[in-house]
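Remarks on the structure that follows.
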Amino acid sequence: MKEGETPRIGVYVCHCGLNIAGVLSVKSLAEYAGRLPNVVVSRDYKYMCSDPGQELIRQDIREHGLNRVVVAACSPFLHEETFRRVCASAGVNPYFYQMVNIREHAAWVHSHEKEKATRKAEDLIRAGVARAAKLEPVVRQRVPIHPAVLVVGGGIAGIQAALTLADAGKKVYLVEREPTIGGHMAQFDKTFPTLDCAACILTPKMTAVGNHPNITLWTYSDVVKVDGSVGHFTVTVRRRPRYVHEDLCIGCLLCIESCIYPDARVASEFDLGLGKRKPVYIPFPQAVPMKVVFDPETCIAVKTGKCTRPCVDVCGVEGAIDFEQKEEFPQIEVGTIILATGFKTFDPHRLPFYGYGRYPAVYTSLEVERLLNASGPTGGEVVLRNGKKPEAVGIVHCIGSRDENTNRYCSRVCCMYAMKIAHLIRERTGAEVYNFYIDIRAPGKGFEEFYDRVQEEGVHFIRGKVGDVTPETPDGKGRVVVSADDTLLGRARKIPLDMLVLAVGLEAQADANEVRRLFNITCSEEGFFVERHPKLAPVNTFTDGVFLAGCCQSPKDIPDSVAQAGAAAAEALALIDRGEMELSPNFAYVSAEECSGCKTCVPLCPYSAITLEPEHGKAVINQALCKGCGVCVAACPSGSIGQHLFEDAQIFDEIEALIQGVAANGEGAR
Amino acid sequence: MDVVVLMKMVPDAAQKIEVDAASGQLKASTLNLIPFESDEHALEEALLIKERTGATVTVVTTDLPGGDVALWTALAKGATHALLVTRGRPYEPRSTGELARIYAKLLETIPHDLVLTGAQAPDDVEGELGALLAAQLGLPYISVAVAVRPDEGTHSAEVTTELGGGLRSVYESALPLVVGIQTSETPPRYAPFLQIRAAQRSKRTRSVAVEPVPFDPKVEVVALHKPVAGKGATMLEGSPEEVAGRLVEILAEKELVGG
Amino acid sequence: MDLDHVLLYPEGKSLLTCIQCGVCSATCPQEAFMEYPPRKIVAMLKAGLIDEVVQSGSMLKCVSCYSCQAKCPRQIRLTDLLFPLIRGRMFEGGGIPAELQKAFLDVQRYGNPLGRSTSERSDWVARSKVPIRILADRPGPVDLLWNVECYPSYHPRGQAVALATARLFHRLGLDFAILGSEERCIGDCAGYFGEFGLLDALIEQNLTTFRKYDFRRVVTSGAHAFNVFAHHYPGYGFTTPVEPVVGLIGEELPKLRPMLKTSVPHKVTYHDPCCLGRCMGASALRCYFAPPRKLLEAIPGLKYVEMAHHHENSLCCGGGGGGMWLDTYYRDQGMDRLSERVVKEAVAAGADVLAVTCDYEVSRFEDAVKVLGYDRKIVVRDVLELLDESAGGEAAV
């Protein structure tokens, strides 16, 4: 419609089968709509969203010269886009479309009072028509997409996403906080349910990342700043000094051997304190990059400078070891970001009655993974802290999961990994293994079969969570006795155990909230990043161009993490290959002449989309970041912020039309 | 089947009771009146009969302080009716004989197959109330009962009483019948506080005015005093070991225990 | 709220989320003696079969130790809501042992479960060598209102603890007073056995008394009163801060420490009362695990040892939820007494003194020591008695 053109509105009342027509009098609604101002044509039809329904609208646009379309049907979430496309295909600006929700708002909620529901639908249609008259044409903006991608986190999800993108020829920056990539998967010995060797399937991928020409790998680093928006993010990375120049170190590890400390004395982070390392170390033999790290807390050369530095003497590369190395803050340009920041395991100190940290017989499942790992502190032998081999082992499921006191959710992987641990312990020690569970959750491919197998192997399954752990001897150093209610037998069980394994759940990273702010996305109460739609946009976030992969979104197993990483990579690729992105028309804008530069709006914006332009100090809204929430519009004291699709005139006319109905119909309208 | 329970309010012995030197009466401020234990047992026995036979249980007491609470409690425990005997001002019969006459007069107006009362009371150690009442009404009387089993069909009751030395005797009597209860078959039940309050709010207690009955008591209370320590008592003091040692010596001296 | 309508309330609705994990039964110290242990009770309630539970008498064996509730992954309020409601139902059927009924009747009549005269409640004060102010005699503002409670007021062993407490307050220069014969049961046994009407009446009566006086905070002798103050009184608008005496003295430790001069050369273990630990829920902030241990370790010559069950895993003394008046019933049922289990653990830990800070416990554990014939092995002392002894005892005031 051109400026000054009279609105010519078509109104379409959908039956939605019997969903609407079973309650509302659709014929009379269509007749009612036909009497409203500016309405040229008004019809009812069985399914407006069907092809014939859509064609009906197109035909009317052609024949009656409609320049506004109102469909009274379901929720705009369902079909707003459908009918906008119909308008566009018939040559009408798609934003000259107005949806009226008479299904949820009238038919469904008032199904027991049909007459009143029809009156209410009249009100809603009248308001929609009034608003339609004030609609304005909107043109969607486009932004170009920078082809490089940032992947944050080098666990299996980050590795998979990085390799997929790099293999497609895209430039990838992979940033990992730890000195090596590999994540939790690198700590495991076997993976369920196939019992693949974790190292055998993971390390080739890790090496591929390290060698890939399209991947820039920055370990021991973290992202500290993210500017810009989809298509053109500017990211600042902090590279912590490892006191070794990565480009010079050849990974011969002679420095470790020559360290002034002959014995490994520092608790190894990778082995969760069960093993020891030196102040200069690599986390594990297959680390990528194979570059040593000098731990500033324990290396006396870094800490005090007072060391004879045999490591420097033995190093064959001049200048590779550099105790003067400083933090660096390189900046990179990327168009899209994939977050694969992973999880941490639940800290069972929070449930002190399980005796973790109190009795040496109590372990977390992750500690046991290290004990089982061939390259772990015991070379894969299951040996207790007192040096003995366990004869009776208990594994308690759901530690820190399904628990209102800790985490309400099911961590999804614990049942399966607990069975894997049970199998491996039994295989290696012949111990009696008792799994204390509430429900066995084995819904994945090959999972139930694995459950069968472990049961057949003689692992005991007791349906009841351990409620009490007490030491057998008062000093607490020996066995522990666990009490459980065997709910299937209906009988209490008290079982002495050499080893009690707590199958700890998965939690969001401790700094998830800071990361969320950094990347301008949302996280749930539990700290997991929120996807845009749980079913239809599971790897997207509410911030365009930022995607999720792996356990940072929710607990999941390796196959799901890898699948999600692939999906995230595909989403990034889709954007890159399109080369540009259409922005949502629903964004706020500032009338510069009216803005006083008071900054009220700036801190209110949940998406950090508002800045002050330096020259005149007036607010500017970044279209690519704005999500159209309207907070700034409402807050602006001078009324200088407007919002497309939600202009004041549209809303006021809509409200006015509604109020007229209330005045006219009295109580009956409601 | 109509069971009537007569309850007597007596001073609570757990509290320190003092005698007023001037009047020679118990000091009212130190008195806390509660239903006597045997009467609580009489009520319990009645409630057991109610549970077994569906009888109506009417509880009666005089309107002494605490009488209303006793009736609410009885209702809370399951009594059907509760009557407060009054004559328009606090009512304190001065003797068991007078009380028996008052109750006899009251019972002329209410149905009764069984009249239960405590076998004794602190001011009626002879257990006269039941006997006098039975005499007034011309009914049979059995006392020191530990179980009452009425039979509606034969309109009679089997009453078990306790003799000394663990012996028991069983009587059968036609109804109506007055019984003095020693103990009920199970310990008196507890009335939850909420039920007592509900009974209070329900206003189910009824006041019944009974005209004073001319009665000339032949016995009068001359004096009240606390027991006086006799000369035979020796108070032992010291540590538990010393007291025990001294006790052994005394017992040996008096040849009460073998050397 | 009653049992039939429990699901209409948010606190009751959580019952529907029970996943039958069995933690409650597994941790219940009386499970072996219950026909229906906690997990089955929830299942029975959900299945509409709760009357069978009421009739079974299983609930008489619950000692309100909070183990099940504190560990329940669904935060189902078993100890302070569901079980009291079920027991409340037992009053209708007459299945409550006479000993316990008498305790309730005594609380109704005399405001204490020992059946003692209200006028004798502060008789112990006469034996104190330090001044103890009774508010009725000397009203006026006071900093600390000391809620002495029933056992410390009437029981000879409790009175010894009360006297030691008074001496410590005096030494620390605390401005304190008691209610004397105006004090009544705070309502613990009533509230946890489901005699809610009595609890309600006691709270109303106590609040009426409190309103007569001007005090800034309340200190309770023991754990149970503290628990009732913390969980039930706020609902009646009582917001004055309340601390158990070990918490209060714990805060005064810097001032007390120089006075602790006499060596107490014993191996001491400490029994965590349920009502200062588990009952405070998941929030460890309000648990009093640390103060008594710090106090004991401040005593010269004393060696502290830990029992197998401690902190949130502590074994109940068996006195809560009416258990104090069910020992005869438990014996008739062939049950071992929890207090004896604790004493055995204390001896096994090598302790010759079992330190406590719960008003029921001195007498309970002393009974257990005698029954077990451990008189020569171990003695039971309140933490405050040990502190008082180290500070010179009665001779030093």
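Can you tell me how many residues within segment B:17-60 are over 13 Å from the mean Cα position of the chain (by Cα), farther than 12 Å from residue B:5 by Cα and in a strand (DSSP E or B)?
So the count comes out to 2.
On the given criteria, is residue A:510 at pLDDT 95 or above, more than 14 Å from chain C (Cβ to nearest Cβ) and not in a loop (DSSP other than H, G, I, E, B)?
Here the answer is no, as residue A:510 does not meet what is asked.
Filtering segment A:102-131 down to residues that are more than 21 Å from residue A:35 (Cβ to Cβ), within 35 Å of the chain's Cα centre (by Cα) and touching a residue at least 24 places away in the same chain (Cβ under 8 Å), which residue is surrounded by the most Cβ atoms within 10 Å (Cβ to Cβ)?
The selected residue is A:103.
I'd like to check which strands (runs of 3 or more DSSP E) are fully inside segment A:380-499 and have at least 3 residues that are at pLDDT 95 or above and of a type in the set (Val, Ile, Thr). If you could, list the steps in order and put the result at the bottom.
Details: elements: A:392-399, A:432-437, A:460-463, A:466-471, A:480-486, A:491-497.
Answer list for segment A:380-499: A:392-399, A:480-486.
Residues are listed down the side, and each one gets a yes or a no for (1) acidic (Asp, Glu); (2) within 13 Å of chain C (Cβ to nearest Cβ):
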position: B:1; (1), (2): no, no
position: B:11; (1), (2): no, yes
position: B:15; (1), (2): no, yes
position: B:22; (1), (2): no, no
position: B:27; (1), (2): no, yes
position: B:35; (1), (2): no, yes
position: B:40; (1), (2): yes, yes
position: B:44; (1), (2): yes, yes
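Out of all the residues in segment B:61-76, is one or more part of a loop (DSSP other than H, G, I, E, B) and within 15 Å of residue B:177 (Cα to Cα)?
In the first step, residues of segment B:61-76 are kept if they are part of a loop (DSSP other than H, G, I, E, B); the result is B:63-66.
Subset that is within 15 Å of residue B:177 (Cα to Cα): none.
No, because not a single residue in segment B:61-76 is part of a loop (DSSP other than H, G, I, E, B) and within 15 Å of residue B:177 (Cα to Cα).
Can you find even one residue in segment C:157-177 that is within 16 Å of residue C:325 (Cβ to Cβ) and away from chain B (no Cβ under 12 Å)? Walk me through it before giving the result.
If we filter segment C:157-177 for residues that are within 16 Å of residue C:325 (Cβ to Cβ), which is where we start, we get C:158.
Retained after the next criterion (residues that are away from chain B (no Cβ under 12 Å)): C:158.
Yes, that holds for at least one residue.
I'm told residue A:385 meets every condition in (1) away from every other protein chain (no Cβ under 14 Å); (2) buried (at least 23 other Cβ atoms within 10 Å of the Cβ) except one. Can you identify the failing condition by its number?
Of everything listed in (1) away from every other protein chain (no Cβ under 14 Å); (2) buried (at least 23 other Cβ atoms within 10 Å of the Cβ), residue A:385 misses just condition (2).
What helices (runs of 4 or more DSSP H), lying completely within segment C:1-68, carry at least 2 residues that are farther than 28 Å from residue A:409 by Cα? Let's see the steps before the verdict.
Numbers: elements: C:10-13, C:23-27, C:38-46, C:50-56.
Where helices (runs of 4 or more DSSP H) fall fully within segment C:1-68 and carry at least 2 residues being farther than 28 Å from residue A:409 by Cα, they are C:50-56.
From A:478, A:490, which residue is in contact with a helix residue (DSSP H, G or I) (Cβ under 8 Å, 6 or more places away or on another chain), surrounded by fewer than 19 Cβ atoms within 10 Å (Cβ to Cβ) and within 14 Å of another protein chain (Cβ to nearest Cβ)? Break it down into steps so the answer makes sense when it comes.
On the way: A:478 fails: in contact with a helix residue (DSSP H, G or I) (Cβ under 8 Å, 6 or more places away or on another chain).
Among A:478, A:490, only A:490 is in contact with a helix residue (DSSP H, G or I) (Cβ under 8 Å, 6 or more places away or on another chain), surrounded by fewer than 19 Cβ atoms within 10 Å (Cβ to Cβ) and within 14 Å of another protein chain (Cβ to nearest Cβ).
Quick one: which residue in C:17, C:27 is facing another protein chain (nearest Cβ under 9 Å), in contact with a Lys or Arg (Cβ under 9 Å, 6 or more places away or on another chain), crowded, with 24+ Cβ neighbours inside 10 Å and not small (Gly, Ala, Ser)?
Values: C:17 fails: crowded, with 24+ Cβ neighbours inside 10 Å.
Result of the check over C:17, C:27: C:27.
In this structure, does residue C:2 turn out to be in contact (Cβ under 8 Å) with a residue 60 or more places away in the chain and away from chain A (no Cβ under 13 Å)?
Values: in contact (Cβ under 8 Å) with a residue 60 or more places away in the chain: yes; away from chain A (no Cβ under 13 Å): yes.
In short, yes.
Looking at the structure I just gave you, is residue C:98 hydrophobic (A, V, I, L, M, F, W, C) and either within 14 Å of chain A (Cβ to nearest Cβ) or in contact with a His (Cβ under 9 Å, 6 or more places away or on another chain) (or both)?
no
Going by what's in this entry, would residue C:229 be described as surrounded by 13 or more Cβ atoms within 10 Å (Cβ to Cβ), assigned by TED's automatic domain parsing to the domain that holds residue C:146, part of a loop (DSSP other than H, G, I, E, B) and of a type in the set (A, V, I, L, M, F, W, C)?
no
Being among the β-branched types (Val, Ile, Thr) and surrounded by fewer than 23 Cβ atoms within 10 Å (Cβ to Cβ) is the filter here, so list the residues in segment C:30-52 that pass it. It would help to see each step written out before you state the result.
Start the filter on segment C:30-52 by keeping residues that are among the β-branched types (Val, Ile, Thr), which leaves C:41-42, C:50.
The one that is among the β-branched types (Val, Ile, Thr) and surrounded by fewer than 23 Cβ atoms within 10 Å (Cβ to Cβ): C:50.
For residue C:234, all conditions in the list (1) in contact (Cβ under 8 Å) with a residue 24 or more places away in the chain; (2) assigned by TED's automatic domain parsing to the domain that holds residue C:203 hold save one; what is the number of the exception?
Answer for residue C:234: the failing condition is (1).
In this structure, is residue B:79 in a loop (DSSP other than H, G, I, E, B) and under 30 Å from residue B:154 (Cβ atoms)?
On the way: in a loop (DSSP other than H, G, I, E, B): yes; under 30 Å from residue B:154 (Cβ atoms): yes.
Judged against the criteria, residue B:79 is a match.
Quick check on this structure: which one of C:262, C:239 is of a type in the set (Val, Ile, Thr) and modelled with pLDDT of 95 or more?
Values: C:239 fails: modelled with pLDDT of 95 or more.
From the options C:262, C:239, the qualifying one is C:262.
Determine whether residue C:343 is buried (at least 18 other Cβ atoms within 10 Å of the Cβ), of a type in the set (A, V, I, L, M, F, W, C), touching a residue at least 24 places away in the same chain (Cβ under 8 Å) and farther than 18 Å from residue C:293 by Cβ.
Working: buried (at least 18 other Cβ atoms within 10 Å of the Cβ): yes; of a type in the set (A, V, I, L, M, F, W, C): yes; touching a residue at least 24 places away in the same chain (Cβ under 8 Å): yes; farther than 18 Å from residue C:293 by Cβ: yes.
In short, yes.
Among the candidates C:204, C:252, which residue alone is within 14 Å of chain B (Cβ to nearest Cβ), farther than 20 Å from residue C:321 by Cα and of a type in the set (Asp, Glu)? Explain how you work it out, then say what you get.
Details: C:252 fails: within 14 Å of chain B (Cβ to nearest Cβ).
Just a single option satisfies the conditions, and that option is C:204.
Within segment B:176-208, can you find the residues that are more than 24 Å from residue B:42 (Cβ to Cβ) and more than 14 Å from chain C (Cβ to nearest Cβ)?
Once the filter is applied, which keeps residues that are more than 24 Å from residue B:42 (Cβ to Cβ) and more than 14 Å from chain C (Cβ to nearest Cβ), segment B:176-208 yields only B:203.
Any idea which of C:395, C:368 is free of Cβ contacts under 8 Å to residues at least 40 places away in the same chain, more than 14 Å from chain A (Cβ to nearest Cβ) and in contact with a Ser or Thr (Cβ under 7 Å, 6 or more places away or on another chain)? Working first, answer last.
On the way: C:395 fails: in contact with a Ser or Thr (Cβ under 7 Å, 6 or more places away or on another chain).
After applying the criteria, what remains is C:368.
Within the group C:262, C:209, which residue is more than 14 Å from chain B (Cβ to nearest Cβ) and assigned to a loop (DSSP other than H, G, I, E, B)?
Values: C:209 fails: assigned to a loop (DSSP other than H, G, I, E, B).
Being more than 14 Å from chain B (Cβ to nearest Cβ) and assigned to a loop (DSSP other than H, G, I, E, B) holds for just one of C:262, C:209, which is C:262.
Which ones in segment A:537-559 are surrounded by fewer than 20 Cβ atoms within 10 Å (Cβ to Cβ) and free of Cβ contacts under 8 Å to residues at least 60 places away in the same chain?
Across segment A:537-559, the qualifying residues are A:537, A:538, A:540.
Quickly run through segment A:340-363 and pick out the residues that are within 12 Å of chain C (Cβ to nearest Cβ) and among the hydrophobic types (A, V, I, L, M, F, W, C).
A:351, A:353
What about residue C:195, is it surrounded by fewer than 20 Cβ atoms within 10 Å (Cβ to Cβ) and within 14 Å of another protein chain (Cβ to nearest Cβ)? Can you show your working first?
Working: surrounded by fewer than 20 Cβ atoms within 10 Å (Cβ to Cβ): no; within 14 Å of another protein chain (Cβ to nearest Cβ): yes.
No, not satisfied.
Does residue C:54 satisfy being closer than 26 Å to residue B:79 by Cα, away from every other protein chain (no Cβ under 11 Å) and more than 23 Å from the chain's Cα centre (by Cα)? Give the derivation first.
Numbers: closer than 26 Å to residue B:79 by Cα: yes; away from every other protein chain (no Cβ under 11 Å): yes; more than 23 Å from the chain's Cα centre (by Cα): yes.
Taking the combined requirement at face value, the residue satisfies it.
Given the condition β-branched (Val, Ile, Thr) and within 14 Å of chain A (Cβ to nearest Cβ), answer yes or no: does some residue in segment C:347-363 qualify?
Yes, that holds for at least one residue.
Do we have residue C:192 as assigned by TED's automatic domain parsing to the domain that holds residue C:224, in a helix (DSSP H, G or I) and more than 30 Å from residue B:198 (Cβ to Cβ) here? Before you say what the answer is, go through the steps one by one.
On the way: assigned by TED's automatic domain parsing to the domain that holds residue C:224: yes; in a helix (DSSP H, G or I): yes; more than 30 Å from residue B:198 (Cβ to Cβ): no.
It is false that residue C:192 is assigned by TED's automatic domain parsing to the domain that holds residue C:224, in a helix (DSSP H, G or I) and more than 30 Å from residue B:198 (Cβ to Cβ).
The values are calculated or read from the model by the stated rules, or taken from the named source; none is laboratory data. Remember, predicted model here, so these are calculated numbers, not experimental data. Don't worry about glycine lacking a Cβ; one is built from the backbone with ideal geometry, like all the others, and counts go over all protein chains shown.
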